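Everything below concerns the one structure shown next.
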Amino acid sequence: MVKNYLLIYSEQLATDIELLCQNITAPSNTLFQIRKSSSSVYANIREANYGQSKADMLSKFEIALKECSETEGWLQLLFNTSSIDEETYKNYRNLCGRIRRMLIASCKTLKENIK
């Protein structure tokens, strides 16, 4: 069976962010928002795997892409406010970047297949 790395990485991101939020001190709204955006990346990628059509799948991937960008923004805020250290920030940012690049490539391929 082929491994779905996009799903694996997005699940890792959502899980890691949840664990991170359980162990840091930051404003509750910030923690809520980063949990929400990172879990949305995972949920939309998971849902895309059972899309009703290629257009539906594309829509879910595009939402996941926006949520991934939002997650990166919240990570930047946590780093800027010293809620997380530089190594933690870079590790999560790199994971977001990997997911983002995979989503961009997937969206491009889907758009070409829809034409």
The range 25-115, relative contact order in percent, only Cα pairs under 8 angstrom and at least six apart counted: 32
Close Lys-Lys pairs in the chain, where close means Cα under 16 Å and separation is 8 or more or interchain: 8
Cβ-Cβ FRET estimate between ILE8 and ASN80, R0 fixed at 35 Å, reported to 0.05: 0.75
(1) 14.6, 48; (2) 14.0, 41; (3) 15.6, 55, with the label sought being that of the calculated Rg and Dmax of the Cα atoms in Å: (1)
Unit charges on C-beta of K, R, D, E only; dipole of the chain, Debye: 500
Heavy-atom surface of the chain, accessible at 1.4 Å and reported per residue (Å²): 60
Whole-Hz couplings from phi, Karplus 6.51/-1.76/1.60, listed for the range 29-43; x for Gly and Pro: 5, 5, 5, 4, 5, 6, 4, 4, 5, 5, 6, 5, 4, 4, 4
Solvent-accessible area, 1.4 Å probe, carbon plus sulfur percent, for the range 24-106: 50
Listed residue (VAL2, ASN94, THR15) projecting farthest to the positive dipole end of the chain, Cβ model: VAL2
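The values are calculated or read from the model by the stated rules, or taken from the named source; none is laboratory data. From a predicted model like this one, the values you see are computed outputs, not experimental measurements. Glycine gets a Cβ as well: all are built from the backbone with ideal geometry, and neighbour counts include every protein chain shown. When the accessible area is computed, the model is the full protein with side chains, heavy atoms only, and any ligands, DNA or RNA have been set aside. Shrake-Rupley method; radii C 1.70, N 1.55, O 1.52, S 1.80 Å.
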